[in-house]
1. Could you check the simple spin-label distance between C:F133 and C:V46, using points 7 Å along Cα→Cβ, in nm with one decimal?
2. What does the average come to when, for each residue of peptide A:219-227, you count the partner chain Cβ atoms lying within 10 Å of its Cβ?
3. Cα gyration tensor of segment A:184-274, axes a ≥ b ≥ c as square roots of the eigenvalues: rounded (a/c below 1.5), prolate (a/b > b/c) or oblate?
4. Take the alpha carbon atoms of segment C:24-78, find their center, do the same for segment A:68-138, and report the distance between the two centers in whole angstrom.
5. Within straight cross-link reach of B:K44, meaning Cα distance under 19 Å, which aspartates and glutamates are found once same-chain residues fewer than 8 apart are removed?
6. If I take R0 = 45 Å and measure r between the Cβ atoms of C:L31 and B:Y93 in this structure, what FRET efficiency does the formula 1/(1 + (r/R0)^6) give, to the nearest 0.05?
7. Provide the packing ranking of C:202-211, C:103-112, i.e. peptides ordered by the mean count of other C-beta atoms within 10 Å per residue, highest first.
8. Say each of B:K129 and A:R109 gets a label point 7 Å from the Cα, pointing the same way as Cα to Cβ; how far apart are those two points in nm?
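Since every read-out is calculated from the coordinates, none of them should be taken as a lab result. This one's a predicted model, so the numbers in the text were calculated from it and none came from an experiment. Quick reminder, even Gly has a Cβ in these numbers, built from the backbone with ideal geometry, and neighbours come from all protein chains shown.
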Amino acid sequence: MSPENAARKTLPAGRRHGRRRAVQATAFALFRLFAVVNGMALALVVGFLVVRGWRAVNLTFLTQAPMDSMTAGGILPCIAGTLLLAFGAMLVAFPLGVAAAVYLNEYARPGLIVRIIRLSINNLAGVPSVVFGLFGLAFFVIYLKMGVSLLAGCLTLGAMSLPVIIGASEEALKSVPQTYREASLALGATKWQTIWRVLLPAALPGMLTGGILGLSRAAGETAPIMFTAAVFFTPKMPKSIFDEIMALPYHIYVLATAGTNIEKTRPLQYGSALVLIALVLGMNLFAIVWRARLRRNR
Amino acid sequence: MKRMILAIAVLSLLAAPALAGQLTIKGSTTVLPIAQEITESYMKEFPGVAISLSGSGSGDGIKAIIDGTTDIADSSRFIKDSEVKMAVEKGAYPVPFAVAYDCIVPVVNPKNGVSNLTLAQLKDIYTGKIRNWKEVGGTDKKIVAISRDTSSGTFEVWEEKVMKKERVTPAAQMLASNGAVAQAVASNPYALGYVGLGYLNKSLKGIPVNGIMGSEQTTLAGTYPISRPLFMFTRGWPTGTTADFINYVLNPEKGQKLVKKAGFVPLY
Amino acid sequence: MPGRQAKEKIIRRTFFVLASAGILTLLAIALFLFIEGFPIFRGTSVQSFFLGLYWYPTSDPPDFGILALMVGSLSVVAVSAAVAVPLGLATAVYLAEIASPRMREIAKPVVELLAALPSVVIGFFGMVVVAPFLQQTFDLPTGLNALNAGLMLAFMSVPTICSLSEDALYAVPNSLREASLALGATHLETIVRVVLPASISGIGTAVILGLSRAMGETMVVLMVAGGAAMIPESLFDSVRPMTATIAAEMAEAPVGGSHYHALFAVGAVLFLFTFAFNLVADWISHRFRQVGEASL
């Protein structure tokens, strides 16, 4: 029986006991209410978007470029741009992030340097997205002369995703049992061989989950790509990494605030928002479910 | 495995040859409808050209010409002396082309009863001296003054011709585009805003200034007090695709017809 | 053997360098912000920058006073905290203490999914749904104001606060709860007097990180806070937080001009704010030992 019931059985009932229980019942109901409100928030936003946007989403919408001053046609270049940015960001962040996690978890000895590295990673996670955009602009676009380009956008988003990847990879590495390491070393392998052949493969699913979460976050960001990669209208597919691109989040922002005919494109805005959250939430759901499966199997 | 496929995909993007016809256009949200119509039509006629278009404010376009990050800058105002100086310092010589005429029309919500405003009243509203609609002949409600943000050429012209260089009150809402202003005024019965002629539509009510209504005729006749030419700037005298595009815009059969379609005043 | 040892050493050094990518990026960001932002003080005094009431970057002569912008940022963060902290904490308590394990398995992913919503979508929602609603219900001149922004920002900070607090609460060892109940306390009293104080360090960190996230959020405030660069007199006034200012004006500031430097300076101020928040969070988590940390 639960500790509470055991306590209830052995203690004498008193008049004050009843009042305390009433207070508890109200408090718990309140907590439950708040939790429900929290859950409803997600349902509310998604619900509105679905209701107002589903009509706009059809095959044309998903496979064509915008036409007629954005009042018709589709968002194919935006979807393509978003996917390219997200994958590019992962290409940058994943190797660096995994390497950093390997160092922090396998090689580093506790001390000042490690504390500084961890502190910087935590701080990097807290840097506002628009500051990343400024950095991307000053460093990649201007200083390194990449211009407003897919490359600059990927690098900026990659820098932004680094903390997420490092965190997930470290968690994955931590969950590999110590026995794996010890067995490998006992068989005569060097530390590097242990890492490369035993630990990384074992931790890979967890790292990939983290990678997908990072990917979905990068796909949804607007501020870092506003100055570094995205433009209003370039319906042709990018032919090189130095081209400008359209992207879903930027498209929604621009249609809603700077478009030429905001009212007429409203259904398209809802549709774009719907496609974006379908993409992002889909990736997240996949990663969350996969991670839960992994944890259960341990 | 997954990553290898990705790597190959990325490398294939890197190995692409340089594009024959490529054009970047940035700048004014006022000129944007024109630029967009022309871009679509141009790309249909010349499918080998890839054009990338942005519209976030005339200031953005001019800055891009100065920095060399665009081929054409749309602008609803003329370039400032300080900007010319900066451009020349960086080796760019901005060349202006007037591509259309426009007038800035003060707009209110159709529910608003006010039917005329003088230039002086407009100025006082935007400096914050007049705060209530009843002071200009409307109902007893606070005026929600809607303005454009600082990157807007429309804002600069308004500042010059209406505000006479006095500052807009910080209590005014600063929106990012003509479209945003149109939408805000259409959904707010107590709002006052200003938009380019091409943005006037059924959900807005244009207000005559000093008794004169902004329209194609009054703009061309010069009687409307808040009118201006719309520009496209190029970096140095245009050549190649840029020149083709500019000629297309100025062509009375092609570009100028699209100017009219976008709701603005063609040059001829 | 010595060959293998040498190789191991090289590999270890390589990993160290790669791990420093994080710290290098952070330093690079700080460096560029300060290098590009500092020149503003050639033309504007430090005092008029930080305490100046007027932000008129394109007038002639320009005014670069960020006081209104900073107050704008702080006001929306305050509103979002007022909503997000109770909501997030209550949900965390519910998930950690009251919910059945099955309920927890459903509810936790839902909260995490809320964290996945892109900021532009939340800003869009605030603009097209909440703003007209506020305008009509309260008969306001506009629905784009500090209140709207604060509410939407709460959407973004609640998942952070909730997740981290829930982790902190969950990590408190059961023995503490059992001891309290055995002494005759109700479940509620146990939560309030034993579990919460034990996890105050983790909860403190969670709240501060949530606030830091709200302060640094850009798209939501850009679309929803209204854009009036002045000190708000009421919740229903429009404001212009620092993040929105940078995002809105960056594209028009010619590289190397005073407006450009001013915006980078604002970015530097933002960076310092969030850096300070993070330092405080880090200090809290080290100073006040989280009970049950061994199991975290």
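1. With each label placed 7 Å out from Cα toward Cβ, I get 4.6 nm.
2. Numbers: counts 1, 7, 5, 10, 11, 1, 0, 9, 4.
Average per residue, whole number: 5.
3. Values: a/c = 4.82, a/b = 2.94, b/c = 1.64.
Prolate, because a/c is 1.5 or more and a/b exceeds b/c.
4. Distance between centres, Cα-based: 26 Å.
5. Once the sequence-local aspartates and glutamates are set aside, what remains near B:K44 is A:D68, B:D244, B:E253.
6. Details: r = 34 Å, r/R0 = 0.76.
Taking R0 as 45 Å, the efficiency between C:L31 and B:Y93 is 0.85.
7. Numbers: C:202-211: 25.0, C:103-112: 16.4.
Ranking, from highest mean packing down: C:202-211, C:103-112.
8. In this crude label model, B:K129 to A:R109 measures out at 7.6 nm.
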